[in-house]
1. For residues in region 195-214 being hydrophobic (A, V, I, L, M, F, W, C) and touching a residue at least 24 places away in the same chain (Cβ under 8 Å), which is surrounded by the most Cβ atoms within 10 Å (Cβ to Cβ)?
2. Every residue in region 215-252 that is over 31 Å from the mean Cα position of the chain (by Cα), surrounded by 13 or more Cβ atoms within 10 Å (Cβ to Cβ) and either modelled with pLDDT under 95 or in a loop (DSSP other than H, G, I, E, B) (or both), please.
3. Considering each of Phe498, Phe529 in turn, give the residue that is surrounded by fewer than 19 Cβ atoms within 10 Å (Cβ to Cβ), assigned by TED's automatic domain parsing to the domain that holds Ile377, free of Cβ contacts under 8 Å to residues at least 40 places away in the same chain and among the hydrophobic types (A, V, I, L, M, F, W, C).
4. Taking the criterion of being within 23 Å of Tyr471 (Cβ to Cβ), free of Cβ contacts under 8 Å to residues at least 60 places away in the same chain and either touching a helix residue (DSSP H, G or I) at 6+ places or on another chain (Cβ under 8 Å) or assigned to a loop (DSSP other than H, G, I, E, B) (or both), would at least one residue in region 288-298 satisfy it?
5. For region 425-448, how many residues meet the condition of being charged (D, E, K, R) and at pLDDT 75 or above?
6. Whether any residue in region 185-193 is surrounded by 14 or more Cβ atoms within 10 Å (Cβ to Cβ) and more than 20 Å from Val27 (Cα to Cα) is what I want to check.
7. Does any residue of region 475-498 turn out to be at positive phi, part of a loop (DSSP other than H, G, I, E, B) and touching a His at 6+ places or on another chain (Cβ under 9 Å)?
Amino acid sequence: MTETNQLQVDLASHSIQGLKEANEDAVGFFIPQEDKDKNNRQLESKGIVLAVADGVSSAEAGKEASHTAITRFIDDYYQTPDTWSVKHSGQKILSSINLTLFKRSHEFTNEEKGYLTTFTALVLKSRICHFFHAGDSRAFLLRQGEFKQLTRDHVASIGSGRTFLARAMGMDNSIQIDYGSFTLEKDDILLVTSDGIHDFIDAEQIKNIMAEQTSCQERIEKLVKTAFDNGSDDNISGSLCQINQLPNESLNDYNSKLTRLPFPPPLDEGVILDGYKVLKELFASSRSQLYLVEDTETGEHMVMKTPSINFLEDTGYIDRFIQEEWIGKRIQSEHVVRIIAQNRPRTCLYYLMEYVHGVSLDKWMAAHHFPKPKLAIKIVEQIADGLSAFHKMETIHQDLKPANILILDSENENNDSGEIQVKIVDFGSVFVAGLAEVFIPLEHEGVLGTATYSDPQYLLGKNTGVQGDLYALATITYELFCGKLPYGEKIEECQTAFEYDHLRYIKASEANPVIPMWFDRTLQRGVAFDLEQRYDNIEEFLHDLKHPNPNYLRDDPKVKKHKSQVLFWQLLSGFWILMLALVIALFANG
């Protein structure tokens, strides 16, 4: 690798069978090769992997297990979405590999035989080292003369100095993988070994060999040979890596990348840009513009989003604008607006979205005060489905609000069912776990969410993840059913924790007397400021919206309701109360 602002390493591995009849160890590493012409940026988005697996010698298939673990981990890791964090990717993959090995192990009649292996891997992404570990293989770090073991052996003592392996891949149908991470420094030296090395070379000798001024290949081969000479009676394997350079772009370098395309000028009707004819302006603000455009080749209508000239010198803004398109392409849901891949070169900074002919939810609510509960629930479910698509990619929207939700017209060409349909738009405030791990020399100052709907914890500087999006969803749900906000209009003025503490939840039944207590309490828990009181996930919140939680079934006698207004709620509540009674009766008779 020759580029000056990328992660650069010297990396080598070596494995021998030693005195054993077969080599049941496996070693592997992968360094992505950058190819800008093919848009291959895996070194930046996924990083470098090195790993060692030690097949359990008492198992009949230790060799197959170790090779399966190494091969699949490396292959599958580079297939995971860019938006997934390293931790999430690694744990997902290793859980899958473990289950595969466990199932194969149970093909043997003797439970002590099977596909068992230790596993230790390092993933070097940007300026962070992530490690995954199960078993008694080990990972070490040598930094400025200080030698440290990163992993702990998963072994148990049975007395007289004897131990046995307490954790390994394929040992059970689920596995707890040790995970950790730390910030890399230039000249760090990393080592991963099987017990054929570290059980036969003391720590001081390992440290001295790691520190030698030779190539990584020479050092790892010397470690293997030293272990053999010291009487190692096991397979002997290891991988050694030295950090030669870390990503450290200057702000000017990064800025020149982002601004290599100029801002487009204001686009008047009839102007053609890169083969897209402007039909009309749909929206304009101080931050961006949206235009309805037509592809002059295909006649397809789509929306072009352009950055505002007000931010021409704002590198953080440009960074986020570019991220919007990248994020949108990775979210696949019928309830999230689709980003359109372009087939022609761009001469300006913009991106394209599908054209959704509809109205924003805030305008729709203004025209549909107190919609039918069944219809309102359907809207909430579709918003939740769109949010789930974000969350599956470890992506948090962070600025969910009615203005960022479109209600499609029943006559819309994209609406085949003829029923109400919802789409979430705008990716400007999205948080991406995988992207957050990549070093970027920029600071995004200020809160991008909207005070009315964003989680107060987020506005006060804490990233609350899925619970933050859930707060926004619950607030929108409250507004759909009540026509107002759960804490009133004063929430828009709050800037400190002290000011939020003075707000009080307004019972939904006070705004809409047909709402039963169990539904009101579900909403109250969804918008709770205290994260321990708030729902942990959207699925549980939706369940309690549609199925009365027994803990919330005590009604408030002070609230007067008219029979003609509460038919929907009576039917729903009555059905689930009856089901609860039947279940209790069955248990009593059992």
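1. By that ranking, first place goes to Ile197.
2. Scanning region 215-252 gives Ser215, Asn230, Ser232, Asp234, Asn235.
3. Just one listed residue meets the conditions, Phe498.
4. Looking through region 288-298, none of the residues is within 23 Å of Tyr471 (Cβ to Cβ), free of Cβ contacts under 8 Å to residues at least 60 places away in the same chain and either touching a helix residue (DSSP H, G or I) at 6+ places or on another chain (Cβ under 8 Å) or assigned to a loop (DSSP other than H, G, I, E, B) (or both).
5. 1
6. Checked region 185-193: at least one residue is surrounded by 14 or more Cβ atoms within 10 Å (Cβ to Cβ) and more than 20 Å from Val27 (Cα to Cα).
7. yes
Here's the yes/no breakdown for (1) within 20 Å of Pro373 (Cα to Cα); (2) at pLDDT below 95; (3) part of a helix (DSSP H, G or I):
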position: Ile515; (1), (2), (3): yes, yes, no
position: Leu523; (1), (2), (3): yes, no, yes
position: Asp530; (1), (2), (3): no, yes, no
position: Phe541; (1), (2), (3): yes, no, yes
position: Asn551; (1), (2), (3): no, yes, yes
position: Asp555; (1), (2), (3): yes, yes, no
position: Lys561; (1), (2), (3): yes, yes, no
position: Ser564; (1), (2), (3): yes, yes, yes
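The values are calculated or read from the model by the stated rules, or taken from the named source; none is laboratory data. This one's a predicted model, so the numbers in the text were calculated from it and none came from an experiment. So basically every Cβ, Gly included, is an ideal-geometry build from the backbone, and we count neighbours across all protein chains shown.
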